[in-house]
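Asks: Please find one structure pasted underneath; my questions will follow.
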Amino acid sequence: MPDHRRRAPSPRAHWVLLASALAAVAVLLALHLLVDAGPRADETMPAGAAVTVPDGVRAGGAVIDARGGQVVLPRPRDKTLALTFDDGPDPGWTPRVLDALDAHHVHATFFVTGARAARYPGLIREILARGHEIGNHTATHSDLRADGELRTKLELRGTDLALAGAAGISTSLVRPPYSATPRALDDPAWAAVRGLGADGRLVVLSDVDTEDWRRPGVDRIVANATPASGRGAVLLMHDAGGDRSETVAALDRLVPELSGAGWRFDTVTGATGISGATGEADTVTRVGGWALVAAVGAGGVLAAVLRWLLIAAGVLAVLRTILVLVTTAVHVRRGGARRLPPVREPVTVIVPAYNEEAGIEATIRSILASDHHPVWVIVVDDGSTDGTAEVVERLSFRRVRLIRQRNAGKPAALNAGLAAARTELVVMVDGDTVLEPGTVRAVIRPFADPAVGAVSGNAKVGNRGGLLGRWQHIEYVIGFNLDRRMYDVLECMPTVPGAVGAFRRSAVLALGGVGEDTLAEDTDLTMALEQDGWRVVYEQGARAWTEAPATLGQLWKQRYRWCYGTLQAVWKHRRAIVRRGAAGRLGRRGIPYLLLFQVVLPMLAPFVDLAALFGVFTGDWPIALAYWAVFQVMQLIPGVIAFRLDREPLGPLAALPLQQFVYRQLMYLVVIQSVMTAVAGARLPWHKLHRTGQNTLPRPVGPTRSA
């Protein structure tokens, strides 16, 4: 068809943008999944063999300085407790712990995870502002005993970045998750401690574990926290990882009781006298930290937005189903009550043909077999390079006229047919389409109403064998059929399909013929007629069997052209939204519906599906499952009704669930690429589909004897 030579830029380049957008969304959601998982209970793990652990370390204190060649074990001063909290910060419990510490005028060290620090940077700044100390508890609460050297560096570096981005600080204090007292150190744990020391880290274990993560009760936590002797110790508690109400209540008892007994509370560095453990982060780390914190924040916003999109998509699916079903019921009642007089005018069927050798004979024979008389056929060969024209000439039917022209595109072929026609009513049929005997009679019946300028027929898939054919059959019956009923009731039909549609010749000629400036000439022509004040209606009984694309590549090309052409037509007729009459109904009903459900939602659908998938992994699987179930029901109910109305067997609907995983995603990507192409100003060529000639009617059709 038309040879659009202006290519700027190539449409394939838009896949880079699409892939980048999806990758960015996936990364942000992965970050959100990482930080939203929350810390697990910081229980200690069973100790293994301790052959390589020095006896002095196992019998020493909780602070292990292995940064030099010699291991140093600084202890808190006697009658001094280094109060520490793990797994935070937590937006619910960390502020309550801070308030309790402020109430008793004591300070502590908070060992935070990088994921939580990046998620709640304000809490990091608040901890520091209240005079407390920050330590590194790895990025994802990972067990460093089982991690390799690379994983360990990533875990620690991730937290370094988060702290630098949140508060501009760096710290050498590290508490390995799942650690216990020095006596519980085994060989893997000691290897991890030595590795941390070599990396310039100061390891802080615990001398006293309150076991508050078990939530044993306030009395038990207080008892566990009370030292057995007067030696200084590192005390382990938690400000995140679950309900910490018992921890907060225990603080209000523990601090006054021990303070009354002569104990003082301090941070790890304050209790041990260590200096230089915390400082300002360098510029590079700060910049990286800001980027990390910003990305985590964006991931949280994106997750929230997509969560609402899941809900909105479900609501819209329900509303669309209700609208379509209600208007379908109205259309069925109107059809039964409408008694139009028969139209006996002669009809010309125009068949634009470009390389349709495989199916053109079946198309012509089916037209001539019509039970409406007389029917004339004009075949416009648009510069075919195969034997299309020769097939038509060989048939030598009296009421068939062949027009040859140089390749100029489908609109030009239709205009050539309109110029040659001598009847007021014309039917336009694609060269791969087969009509039933009653199709012509049915499609011209609405012209008994002088206000009708065009009639949409009922296009059906003829080659529905195989999974791809079955999916397209489902789409045609459900989407095309029910949507056209709705458009008919609301008087805002956006498209009379090229496969089968009837027109008043004078109305089309008054517009200057079929427009040639879009790739969806059928949509453009339909909207132009409504802009000119004509009604466009749908006739279910005008069935035409068309050959659907046989491969995914062919399907992509067809739908890409359809979608891009529809966007062109919508933009061309955008002023209909402010007009009155038929044009206003198109502009304020048809076009918004078209854009919302065929452009906007498909653009968002891959991201919504991605959010649903992440919902399964983040524990929101009930919402994701509910969304999926609603979507399936909203597809199945209209499907059953549409198939019943079209008197189709319900068997193909068994392929509907699988269609959502493959076919629907393909259609979404087609819409996305079409929009990107339109925004970029690229121009698509006309994609000619390869015809196989496998399109057949449910029963044989041949020409009548008079043909």
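Please treat every number below as a calculation from the coordinates, not as lab data. Quick caveat, the model's predicted, so the values are computed rather than measured. Ideal geometry is used to build each Cβ from the backbone, glycine not excepted, and the neighbour counts take in all protein chains shown.
Asks: Roughly how big is the chain's charge dipole about its Cα centre, with Cβ charges of +1 (Lys, Arg) and -1 (Asp, Glu), in debye to the nearest 20?
Replies: 3420
Asks: Cut-off 15 Å, label point 7 angstrom out along Cα-to-Cβ of Ala420: give me the residues of the stretch 365-381 whose amide nitrogen falls inside.
Replies: Counting only backbone N, you get 376-381.
Asks: Which whole-number percentage describes the relative contact order of the chain, with Cα contacts under 8 Å and a sequence gap of 6 or more?
Replies: Answer for the chain is 15 percent.
Asks: I've got another one for you. Pull up the DSSP beta bridges for the chain and report the antiparallel fraction as a percent, rounded to 5.
Replies: 25
Asks: Relative contact order for the stretch 308-680 using alpha-carbon pairs under 8 Å, separation at least 6, rounded to a whole percent?
Replies: 18
Asks: Mind checking which aspartates and glutamates have their Cα closer than 18 Å to the Cα of Lys557? Skip sequence neighbours fewer than 8 apart in that chain.
Replies: Answer for Lys557, where 18 Å is the Cα cut-off: Asp3, Glu356, Asp430, Asp432, Glu475, Glu521, Asp522, Glu547, listed by chain and number.
Asks: Here is a further query. Around Val330, what is the net charge, scoring Lys/Arg as +1 and Asp/Glu as -1 over all other residues with Cβ under 10 Å from its Cβ?
Replies: Local charge sum for Val330: +2.
Asks: Taking the Cα centre of the stretch 359-494 as origin, sum charge times position over the Cβ atoms of Lys and Arg (+1) and Asp and Glu (-1), and report the length of that vector in debye to the nearest 20.
Replies: 240
Asks: Taking H placed 1.01 Å from N in the peptide plane, check which residues at least 5 places from Arg244 or on another chain put their amide H under 5 Å from its amide H.
Replies: Here the answer is none, since no amide H 5 or more places off falls under 5 Å of that of Arg244.
Asks: Sticking with this structure for a sec: From the P(r) of the stretch 75-273, could you give the percentage of C-alpha pairs in the tail past 26 Å?
Replies: 27
Asks: Using θ = phi - 60° and the Karplus relation 6.51 cos²θ - 1.76 cosθ + 1.60, list the HN-Hα couplings for the stretch 558-573 in order, rounded to whole Hz, with x at every Gly or Pro.
Replies: Each residue of the stretch 558-573 in turn: 5, 6, 4, 5, 4, 5, 5, x, 5, 4, 4, 5, 4, 5, 5, 10 Hz.
Asks: Using modelled backbone amide H atoms (1.01 Å from N, in-plane), which distant-in-sequence or interchain residues come within less than 5 Å of Val380's amide H?
Replies: Val351, Ala353, Ile403
Asks: Go ahead and run the numbers for FRET between Leu319 and Arg125, Cβ-Cβ distance against an R0 of 60 Å, rounding to 0.05.
Replies: After rounding, the FRET efficiency stands at 0.85.
Asks: Also: For the stretch 153-180 and the stretch 189-207, what is the separation of their Cα centres, given in Å?
Replies: After rounding, the separation between the Cα centres reads 13 Å.
Asks: Provide the percentage of antiparallel DSSP beta bridges, counting only those with both residues in the stretch 65-140; round to the nearest 5.
Replies: If I count the DSSP bridges inside the stretch 65-140, around 10 percent turn out antiparallel.
Asks: Moving on to the next point. Out of all DSSP beta bridges with both ends in the stretch 75-273, state the antiparallel percent to the nearest 5.
Replies: Taking every DSSP beta bridge within the stretch 75-273, about 0 percent pair in antiparallel fashion.
Asks: Next question. Based on Cβ point charges of +1 for Lys and Arg and -1 for Asp and Glu, what charge dipole magnitude is obtained for the stretch 308-680 about its Cα centre, in debye rounded to the nearest 20?
Replies: That gives the stretch 308-680 a dipole magnitude of about 1060 debye.
Asks: How big is the chain by Rg and Dmax over its Cα atoms, in Å?
Replies: Rg then Dmax for the chain, in Å: 36.8, 117.
Asks: Shifting gears a bit: Quote the FRET efficiency, to the nearest 0.05, computed for Arg183 versus Lys79 with a Förster distance R0 of 22 Å and r equal to the Cβ-Cβ distance.
Replies: After rounding, the FRET efficiency stands at 0.50.
Asks: Continuing with the same structure: Based on the inverse mean of 1/r over its pairs of different Cα atoms, what is the Kirkwood hydrodynamic radius of the stretch 308-680, in Å?
Replies: Evaluated on the stretch 308-680, it is 21.3 Å.
Asks: Please name which of Ala146, Gly242, Gly200 has its Cα lying farthest along the dipole of the stretch 75-273 towards the positive end, using unit charges on Cβ (Lys, Arg +1; Asp, Glu -1) and the Cα centre as origin.
Replies: With unit charges placed on the Cβ atoms, the residue in question is Gly200.
Asks: Continuing with this model, one more query. Can you find, among Thr518, Val293, Leu83, the residue farthest towards the positive end of the dipole of the chain? Put +1 on the C-beta of Lys and Arg, -1 on that of Asp and Glu.
Replies: Checked the options; the winner is Thr518.
Asks: Also, quick follow-up: State the Kirkwood hydrodynamic radius of the stretch 254-372 in Å, one decimal place, computed from all pairs of distinct Cα atoms.
Replies: Over the stretch 254-372, the inverse of the mean reciprocal pair distance is 25.1 Å.
Asks: What nm value, rounded to one decimal, do you get for the distance between Val27 and Ala312 when each label is placed 7 Å out toward the C-beta?
Replies: Placing both labels 7 Å beyond Cα along the Cβ direction yields 2.5 nm.
Asks: Cα atoms only: what Rg and Dmax, in Å, come out for the stretch 170-259?
Replies: Both quantities, over Cα of the stretch 170-259: 14.7, 41 Å.
Asks: Sticking with this structure for a sec: Which of Ser170, Leu604, Gly260 sits closest to the plus end of the dipole of the chain, meaning its Cα is farthest towards the positive end, when Lys and Arg get +1 and Asp and Glu get -1 on the C-beta?
Replies: So the residue we want is Leu604.
Asks: How large is ³J(HN,Hα), in whole Hz, for each residue of the stretch 64-74 in order, when computed from phi with the Karplus curve 6.51 cos²θ - 1.76 cosθ + 1.60 and θ = phi - 60°, using x for Gly and Pro?
Replies: Running phi through 6.51 cos²θ - 1.76 cosθ + 1.60 with θ = phi - 60° gives 10, 9, 10, 6, x, x, 10, 7, 10, 10, x Hz.
Asks: Can you compute 3J(HN,Hα) from phi for each residue in the stretch 517-533, using the Karplus curve 6.51 cos²θ - 1.76 cosθ + 1.60 with θ = phi - 60°, rounded to whole Hz and x for Gly and Pro?
Replies: 9, 9, 8, 10, 4, 5, 5, 4, 5, 4, 5, 5, 5, 5, 4, 8, x
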